[in-house]
Protein chains: 4
Amino acid sequence: MNKGRLEAFSDGVIAIIITIMVLQLAVPKEPTLAALVPMVPIFLGYLLSFVYVAIYWNNHHHLLTVCGNASGGVLWANMHLLFWMSLIPFVTAWMGNNPSAPIPTALYGVILLLTAVAYEILQIRIVAVHPDKSRIRSALGRDFKGRFSPVFYFAAIVLAFVSPVISHVLYAAVALLWIVPDRRLEQLYQKDAS
Amino acid sequence: MNKGRLEAFSDGVIAIIITIMVLQLAVPKEPTLAALVPMVPIFLGYLLSFVYVAIYWNNHHHLLTVCGNASGGVLWANMHLLFWMSLIPFVTAWMGNNPSAPIPTALYGVILLLTAVAYEILQIRIVAVHPDKSRIRSALGRDFKGRFSPVFYFAAIVLAFVSPVISHVLYAAVALLWIVPDRRLEQLYQKDAS
Amino acid sequence: MNKGRLEAFSDGVIAIIITIMVLQLAVPKEPTLAALVPMVPIFLGYLLSFVYVAIYWNNHHHLLTVCGNASGGVLWANMHLLFWMSLIPFVTAWMGNNPSAPIPTALYGVILLLTAVAYEILQIRIVAVHPDKSRIRSALGRDFKGRFSPVFYFAAIVLAFVSPVISHVLYAAVALLWIVPDRRLEQLYQKDAS
Amino acid sequence: MNKGRLEAFSDGVIAIIITIMVLQLAVPKEPTLAALVPMVPIFLGYLLSFVYVAIYWNNHHHLLTVCGNASGGVLWANMHLLFWMSLIPFVTAWMGNNPSAPIPTALYGVILLLTAVAYEILQIRIVAVHPDKSRIRSALGRDFKGRFSPVFYFAAIVLAFVSPVISHVLYAAVALLWIVPDRRLEQLYQKDAS
């Protein structure tokens, strides 16, 4: 399996996911500032999901860079990741339309959690077919953010039933944590390139 | 005709097909778990079609890899395949909205059948222009899955009028059969590469 | 201006145009065969426009192959072509919803005509910056299809006010004429490659 | 960070932004010329935004050409630019539906202004990591259009509350100003290539 085409296909799907979310920002009927007020939570949800999809695109890029060859297992692990990511626009719209309701806020976390699990599985698959397992594994071993994010998502899912605002803060906090790029893989890549 | 651009264009169309299906998951009005219950068949239909489109992308990739040069015939056979694939989101939404109705379930199978026929035509066209016909033909000769899938689709179309559930099981069974990647072409490709 | 990125961007836009048209096939509410009957003209319009966009993608590919370097003029001539092409989904839906009305049928022809004119302008721009004008011009000189298509579109626009069916037949006839790939440019390209 | 994949991803997102805007041209119910009349401002808004997105694609292309290596800072500056660009279809539809209302016309300018600021930030980031800062900075130093556009956007935002027509003229004037390609960077690129 050619890695380049897997990368190009994933890029296409991620580019579409990040862009079609904006179609769910329904154009207000009234041309007034007041008509924009109920859109504020929808807009903030869009911003949050835009950042999450951008983070996944960035991390996915680095992960595939260290991927030697894309086996059938890697291909399906990648499709599995794209499947859960493709549901982000749906849960973003539902949470944005109902910012104070626990169920949509919790479901948003469920999709983030399943996406994170799918990413972890993809990482494991790529390590498994990598010719130099020990080297890539030691680099990934210090994967604090990858290990802790699911804990935060799980907490946010549970706490949505106490107060959705706590969950929103947690989702935003994890996103901020991830905006710092994954230097571990970047360093490994630069070693590979040199 | 440059094969690379045909591949890139097909990738773009397939990436859009697999992603816009999610736009047909209408966001529920009520922020409750109960509002998600009627979405279960729609979600399962989305999952099924996501897997089918992913399978076609994967097989299409392998098929084009052994394609020497893309003639006008190959180009139009490819467009024909993309045309039927582009109708998958439409029939997925109709079947998902009416899971217990025979007509939408049968039409889903009709589109899968026409897509499979279009794929077969593309394969024949690519073999026809391949410089080493006998070698690629012997590899494709053992194409059990490709030969049997249309039989299953046809059975599912007919049985939809007995019980749509039987058809759903058949559609899922064929998808599961295909998730195992097409090792024949993969092997040939690896021989080509070496 | 790098030709490759212009090609990739055009491919992306054309892939989206050809695929989002399917979003305008509204899923019928009733799960019956009768509910599909009013969709027949919409489906045929979708098929017609799919073929037209595929033809433009194919011809555009060949044209850019002989394009030496993409100047600012070529870039904007290309954007101008993509602009009119981007309106094809809109007029396809309007004509498909009103198959027996003259205005939507005529407007479909107007957009096809403007797209054809935009393609002609792009061709002229590409010839103008080509290092070997005489050679590419002699190849393009025998451009019968390119010269006659606008005449047919113009006839179809006028005849839509007599009977839209005549226009539909003309649109389909021109599409069939174009499915035969543009061998002139293909031959020139093969000479370039050899 | 590989520059090629950043470019491909940006191209994908920009191609989707420029194309999905057409989905907001709602197909008229009546098949008459009169039904097209209220669409004229919507169509003109679509044309204006199509030109703006095309200009950004073109300038973005030239800017990335002189970009030596894409650091994490460049990546996020690029995502920030794509985020504001992704809101162009939303404000285009709102302004097009309410051409004589000051708020939507002003918001259109706000998004253009934020997009311009995001582009400026991306330019600063790219200069910061460029190995030959003085050379690229001297080329960008004569960036009159980049400096003056925000002033025009700001004026258009304020004047929308006097008369939206003045703002529309200003938006169109800036777009016309930009259609002339950014020769400074093009020249630098050609020097790099030679």
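The values are calculated or read from the model by the stated rules, or taken from the named source; none is laboratory data. Keep in mind it's a predicted model, so treat the numbers as computed, not measured. Cβ coordinates were reconstructed from backbone atoms using ideal geometry, including for glycine residues, and neighbour counts include every protein chain displayed. The accessibility values were calculated without ligands, DNA or RNA, using every heavy atom of the protein model including side chains. Shrake-Rupley method; radii C 1.70, N 1.55, O 1.52, S 1.80 Å.
A compact table of results
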read-out	value
Boolean, residue D:110 is under 18 Å from residue D:165 (Cα atoms), among the aliphatic types (A, V, I, L, M) and surrounded by fewer than 20 Cβ atoms within 10 Å (Cβ to Cβ)	yes
Top-ranked residue of the range C:37-82 - restricted to ones that are in contact with a helix residue (DSSP H, G or I) (Cβ under 8 Å, 6 or more places away or on another chain) and of a type in the set (Val, Ile, Thr), ranked as farthest from the other protein chains (Cβ to nearest Cβ)	C:66
Hits in the range D:155-186 - residues which are buried (at least 19 other Cβ atoms within 10 Å of the Cβ), outside any helix (DSSP H, G or I) and at pLDDT 85 or above	D:160
Tally of residues being in contact with an Asp or Glu (Cβ under 8 Å, 6 or more places away or on another chain) and either facing chain D (nearest Cβ under 7 Å) or closer than 22 Å to residue C:19 by Cα (or both) across the range A:1-36	4
Residue in the range C:18-39 that is touching a Phe, Trp or Tyr at 6+ places or on another chain (Cβ under 8 Å) and within 19 Å of residue C:119 (Cα to Cα) present	yes
For residue D:117: the one exception among (1) open to solvent by less than 10 Å² (accessible area, probe 1.4 Å); (2) more than 9 Å from chain A (Cβ to nearest Cβ); (3) of a type in the set (A, V, I, L, M, F, W, C)	(1)
Filter pass, residue D:128 being surrounded by fewer than 19 Cβ atoms within 10 Å (Cβ to Cβ), free of Cβ contacts under 8 Å to residues at least 12 places away in the same chain and hydrophobic (A, V, I, L, M, F, W, C)	no
Check on residue A:140, part of a helix (DSSP H, G or I) and either modelled with pLDDT of 90 or more or acidic (Asp, Glu) (or both)	no
